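> The structure that follows is given in the form of structure tokens.
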Ligand code: ZN
């Protein structure tokens, strides 16, 4: 097994990754709340943990990867007030909440598959695990770290903090948290503003509701992740991931809930990805810069100069280290597009390189450098820089300025197939490389252009124009030449 080190948010240092069970890894990542289309912000955690998932499998681990779907209990306001996000959307669109859940779960999965993000091995929903959540709340009540008021159950942070550290993950001091919490204005149910809901009593107008020992209600948002992670991964598991925005209160609450339920922390490595900004600004609904993934792929958001292929977006995200902030702009994405294309072109060349009697390039060192980068807390930008060193080698072998033995060539091919295709999850896009599907695709376009030539020859201008206009509308650039016509995909 490779010597992988990962930065643990809890201990604030890089640690050698040693799974609890020899070859098996349990990984839990907080998934989306499905009440709207996925946006750029969803792409980063998905791709970050997809990289980790793929790399762990690449080096030989069996991975059980659980990523949940939040379909109930995520309230509009994090202070346990306001409407449920899913229920609110259902009300606005006059749909059944489960129609909202289904619609946006489907669209999330479609977007993830476009980005070549592998499906998790288990994708549990909060509404499908009400019994487990009630069980967890009961455990916390029995342990004395929760209390019931008017059919709602809250976690007693003050009581917990007397016996255990609270705030370690996010580096917050309990005293500061108290002074920063606003006074409980008329909210008589909670003993303190720091307490969070484990179960909420459902008001008469609330649609999503289930019976419980405390009356009809619904689970609090933090409860689901404790209940579902431990159900599928056991009460001690290896990796818990998510975006930095979930550090507090969500993950801090999860640690406390785990200790309250099982008497010990449940997670060995806490991993967090940093956030995406847009032209230097935080993403926010009020700023009008919430770019949905579908809008990115089709170029239909006012901030976009053109559509961007999901592979270019994936490459763009992988070009930054997951713990660094990443700023989105048209220039940055267009630079990523070019880099991605250069990498794919080299991969296509690599297939047809001819071996020689000796190597003038150091393939061994290239392999070492690449794996060292990945093992250093998944340093994908350094990995990509080394892969571009390799691109230069490939190009100089192709130009006859360098040579490579058959054995080294095979190593080089394996390196790129393993790291670019399997681990980085980058695939050629139609028009940039010569995959089998692309060849067929090219032949179909050529056929259409031949039909257009024939229409022209018999002065059937309507058909000829129609073929040209339809292809142009689909994103092809058609140029008439003396021999007929040339085409390329508009970049
Ligand atoms: Zn979660």
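The values are calculated or read from the model by the stated rules, or taken from the named source; none is laboratory data. What you are looking at is a predicted structure, and each value in this text was computed from that prediction instead of being measured. Every residue, glycine as well, gets a Cβ built from its backbone with ideal geometry; the counts of neighbours run over all protein chains shown.
> With the checklist (1) in a helix (DSSP H, G or I); (2) within 15 Å of the ligand (Cβ to nearest atom); (3) within 25 Å of residue 132 (Cα to Cα) in hand, flag the one item residue 240 doesn't pass.
(1)
> Moving to a separate point now. When you look at residue 220, is it within 13 Å of the ligand (Cβ to nearest atom) and at pLDDT below 95, yes or no?
yes
> Show me the strands (runs of 3 or more DSSP E) entirely contained within the range 55-110 in which 2 or more residues are closer than 23 Å to residue 239 by Cβ and not assigned by TED's automatic domain parsing to the domain that holds residue 370.
Numbers: elements: 62-67, 75-77, 81-84.
Filter on the range 55-110 gives 62-67.
> Here's something else I'd like to know. Which numbered condition trips up residue 311, out of (1) within 30 Å of residue 163 (Cα to Cα); (2) out of contact with any strand residue (DSSP E or B) (no Cβ under 8 Å at 6 or more places or on another chain)?
(1)
> Filter the range 370-379 down to the residues that are assigned to a helix (DSSP H, G or I) and surrounded by fewer than 18 Cβ atoms within 10 Å (Cβ to Cβ) and list them by number.
Going residue by residue through the range 370-379, those that are assigned to a helix (DSSP H, G or I) are 370-375.
372, the sole residue that qualifies.
> Among the residues of the range 454-484, what is the count of those that are surrounded by 10 or more Cβ atoms within 10 Å (Cβ to Cβ) and within 41 Å of the chain's Cα centre (by Cα)?
So the count comes out to 12.
> Against the condition surrounded by 14 or more Cβ atoms within 10 Å (Cβ to Cβ) and over 16 Å from the mean Cα position of the chain (by Cα), how does residue 288 come out, does it pass?
On the way: surrounded by 14 or more Cβ atoms within 10 Å (Cβ to Cβ): no; over 16 Å from the mean Cα position of the chain (by Cα): yes.
No: the conditions fail for residue 288.
> Given the conditions (1) within 12 Å of the ligand (Cβ to nearest atom); (2) closer than 15 Å to residue 9 by Cβ; (3) touching a helix residue (DSSP H, G or I) at 6+ places or on another chain (Cβ under 8 Å), and given that residue 225 satisfies all but one, which numbered condition is not satisfied?
If we test residue 225 against (1) within 12 Å of the ligand (Cβ to nearest atom); (2) closer than 15 Å to residue 9 by Cβ; (3) touching a helix residue (DSSP H, G or I) at 6+ places or on another chain (Cβ under 8 Å), just (2) comes out false.
Let's see how each residue does on (1) buried (at least 23 other Cβ atoms within 10 Å of the Cβ); (2) closer than 30 Å to residue 97 by Cα; (3) in contact (Cβ under 8 Å) with a residue 12 or more places away in the chain; (4) away from the ligand (no atom under 16 Å from the Cβ):
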| residue | (1), (2), (3), (4) |
| --- | --- |
| 15 | no, no, yes, yes |
| 18 | no, no, no, yes |
| 23 | no, no, yes, yes |
| 28 | yes, yes, yes, no |
| 36 | no, yes, yes, yes |
| 41 | no, yes, yes, no |
| 47 | yes, yes, yes, yes |
| 54 | no, no, yes, yes |
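> Please tell me if residue 327 is within 30 Å of residue 8 (Cβ to Cβ) and in contact (Cβ under 8 Å) with a residue 12 or more places away in the chain. Outline the logic, then answer.
Numbers: within 30 Å of residue 8 (Cβ to Cβ): yes; in contact (Cβ under 8 Å) with a residue 12 or more places away in the chain: yes.
Considered against the rule, which asks whether it is within 30 Å of residue 8 (Cβ to Cβ) and in contact (Cβ under 8 Å) with a residue 12 or more places away in the chain, residue 327 comes out as yes.
> Are there any strands (runs of 3 or more DSSP E) wholly within the range 130-222 with 1 or more residues that are over 33 Å from the mean Cα position of the chain (by Cα) and surrounded by fewer than 18 Cβ atoms within 10 Å (Cβ to Cβ), and if so which?
Working: elements: 146-149, 152-155, 196-201, 217-219.
Counting at least 1 such residues, we get 146-149.
> Continuing with the same structure: Going through the range 248-294 one residue at a time, which ones are within 13 Å of the ligand (Cβ to nearest atom) and outside any strand (DSSP E or B)?
Matches in the range 248-294: 248, 249, 250, 251, 252, 253, 254, 255, 257, 258, 266.
Conditions tested, residue by residue: (1) closer than 30 Å to residue 241 by Cβ; (2) assigned to a helix (DSSP H, G or I).
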residue	(1), (2)
365	no, yes
368	yes, yes
386	yes, yes
393	no, yes
403	no, no
447	no, yes
465	no, yes
